[in-house]
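The values are calculated or read from the model by the stated rules, or taken from the named source; none is laboratory data. This one's a predicted model, so the numbers in the text were calculated from it and none came from an experiment. Note: ideal-geometry Cβ built from the backbone for every residue, glycine included; neighbour counts use all protein chains shown. When the accessible area is computed, the model is the full protein with side chains, heavy atoms only, and any ligands, DNA or RNA have been set aside. Shrake-Rupley method; radii C 1.70, N 1.55, O 1.52, S 1.80 Å.
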Amino acid sequence: MAAFVMQTMGCDVAALNTVQFSNHTGYKQFKGTKTSAEEISHLYAGLKQSYLTDFDVLLTGYAPSAEAVVAIGAIARDLKLRGSTKVGSFFWVLDPVMGDQGRLYVSEDVVPVYKNLLRDADLILPNQFEAELLSEIKITSLSTLQDALAKLHKTYRIPHVIITSIRLLESPSTMSVIGSTARTDLSPRIFKIDVPAIDCFFSGTGDMFAALTVVRLREAITEVNLSGTKSWISPDNVKATDLPLAKAAEKVIGSMHAILAKTKEARDKELEGMGGPLGVMEKEKDSEKRSGLRRTKAAEVRVVRCLEDLRSPRTDWKAEALARDEDLKGQSGNATEGTGTGGREGLGLHQDTSAKPETNKDKAESEQLDEDRGGRS
């Protein structure tokens with residue numbers, strides 16, 4: 001998903017697989033293998049020996065073990081060191097894939113490894129549960145969510161954060177994305193985008209969001225001449241709603257909502273066709289399983305059929321600013337100056353992700369389901 005989206009948007013992509021599966025894990029069954037930490041490092045060494053590591057952006061996501069996360073972190077740090085001679089020429093987008101809805105997909109030892117990598121990332125893309133794990137703050141309201149964002153900036157010195165898939169009790173029919181770019185004092189500039197939730201279970205949306213964010217953020221910072229600035233951070237006087245990160249998120253949400261709405265419509269039509277006389281597979285003793293597989297297939301994201309929505313999204317949902325009490329005082333000062341464009345158009349390594357498992361009953365099952373958003377690094 002992620003490689004296809006970025007390539008469709010005109011980017012050159014080098015993909016290193018962290019798993020090789022027959023299908024995504026939303027089907028609850030698959031065949032394939034996980035990539036070991038040694039193999040990940042070996043593949044990167046192959047790129048290095050042919051001088052193929054002139055990447056502008058690294059996008060990383062699911063890793064099958066703590067050792068694999070360490071290997072991916074080593075790659076990121078090597079690329080960051082290579083780009084250190086030219087400010088703004090390398091940017092790491094880290095999707096810390098660990099779990100969702102209160103459940104870990106990975107072993108517990110992965111969590112501290114991700115925490116050790118956060119200081120090297122330029123942008124992180126946790127979902128609500130992952131943001132709770134990293135910030136150690138339970139998110140139950142906008143106030144606690146703002147506290148979590150502020151702590152991620154202050155504790156780990158992360159320049160940019162977007163927290164996805166936010167569902168709060170105060171607005172159950174709304175899905176929110178909340179992001180922030182830090183000021184020079186590491187205080188947050190928080191924006192929020194609300195979008196109507198679509199009543200359907202999709203697989204691969206994390207991939208699509210991450211890939212589109214890479215493309216749209218690069219586009220946004222180029223428009224305001226920030227590509228020569230460390231971590232692409234806007235000056236302190238830029239309002240939350242005017243941040244390149246906010247502008248990028250508006251386009252990302254526009255594309256995703258259009259594509260997922262069309263997917264839901266196609267899925268409903270396909271399921272209606274299943275409502276007639278039972279076919280051969282439904283008459284078999286495992287008909288419930290077969291029906292579930294067909295329903296999962298019907299909900300496959302129709303991204304290939306919605307290329308115009310990828311390239312030319314409607315921005316019906318705009319970012320709005322959220323101010324914390326301590327941020328209501330005046331701010332002044334500027335971020336590090338710098339202009340220019342760095343590197344080639346293409347983007348670096350990326351990771352594909354997959355569906356969230358619905359069950360995690362025992363250790364054996366967990367070992368299969370921990371590939372939840374498995375794919376490419």
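Here are a few things to note about the model shown:
- Test set (1) open to solvent by 20 Å² or more (accessible area, probe 1.4 Å); (2) in a helix (DSSP H, G or I); (3) under 22 Å from Thr60 (Cα atoms); (4) not basic (Lys, Arg) - Ile253 fails condition number: (1)
Conditions tested, residue by residue: (1) modelled with pLDDT of 95 or more; (2) of a type in the set (Asp, Glu); (3) under 24 Å from Asp316 (Cβ atoms).
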residue	(1), (2), (3)
Ser231	yes, no, no
Lys239	yes, no, yes
Ala266	no, no, yes
Glu300	no, yes, no
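- For Ser141, the test of being out of contact with any Leu (no Cβ under 7 Å at 6 or more places or on another chain) and open to solvent by 10 Å² or more (accessible area, probe 1.4 Å) is failed.
- Restricted to strands (runs of 3 or more DSSP E) entirely inside segment 135-201, those with at least 1 residues that are more than 25 Å from Trp92 (Cβ to Cβ) and touching a strand residue (DSSP E or B) at 6+ places or on another chain (Cβ under 9 Å) are 174-181, 190-196.
- Unique match (being basic (Lys, Arg), open to solvent by 30 Å² or more (accessible area, probe 1.4 Å) and within 28 Å of Asp316 (Cα to Cα)) among Arg119, Arg167, Arg157: Arg167
- Residue ID - farthest from Ser165 (Cα to Cα), chosen from residues in segment 73-128 that are aromatic (Phe, Trp, Tyr) and assigned to a loop (DSSP other than H, G, I, E, B): Phe90
- One residue alone among Phe4, Phe30, Phe21 is open to solvent by 60 Å² or more (accessible area, probe 1.4 Å), under 19 Å from Glu300 (Cβ atoms) and not polar (S, T, N, Q), and that residue is Phe4.
- Count of segment 216-248 residues which are touching a helix residue (DSSP H, G or I) at 6+ places or on another chain (Cβ under 6 Å) and part of a helix (DSSP H, G or I): 8
- Look at segment 1-22: where a residue is farther than 17 Å from Gly206 by Cβ and a partner is of a type in the set (Ser, Thr, Tyr) and part of a helix (DSSP H, G or I), sitting 6+ places away or on another chain with Cβ atoms under 8 Å, you get Leu16/Tyr44.
- Lone unmet requirement of (1) out of contact with any strand residue (DSSP E or B) (no Cβ under 9 Å at 6 or more places or on another chain); (2) surrounded by fewer than 21 Cβ atoms within 10 Å (Cβ to Cβ); (3) not β-branched (Val, Ile, Thr) for Gly88: (2)
- Enumeration of residues in segment 15-49 that are part of a loop (DSSP other than H, G, I, E, B) and over 28 Å from Thr222 (Cβ atoms): Thr18, Ser22, Asn23, His24, Lys28, Gln29, Phe30, Lys31, Thr35, Ser36
- Answer from Tyr51, Tyr62 - the residue that is within 23 Å of Cys11 (Cβ to Cβ) and either of a type in the set (Gly, Ala, Ser) or open to solvent by 10 Å² or more (accessible area, probe 1.4 Å) (or both): Tyr51
- Pairs, first among the hydrophobic types (A, V, I, L, M, F, W, C) in segment 72-87, second open to solvent by 60 Å² or more (accessible area, probe 1.4 Å) and in a helix (DSSP H, G or I), C-beta under 9 Å, six or more apart: Val87/Lys230
- Flag: Asp120 matches the condition of being touching a residue at least 40 places away in the same chain (Cβ under 8 Å) and in contact with a strand residue (DSSP E or B) (Cβ under 7 Å, 6 or more places away or on another chain).
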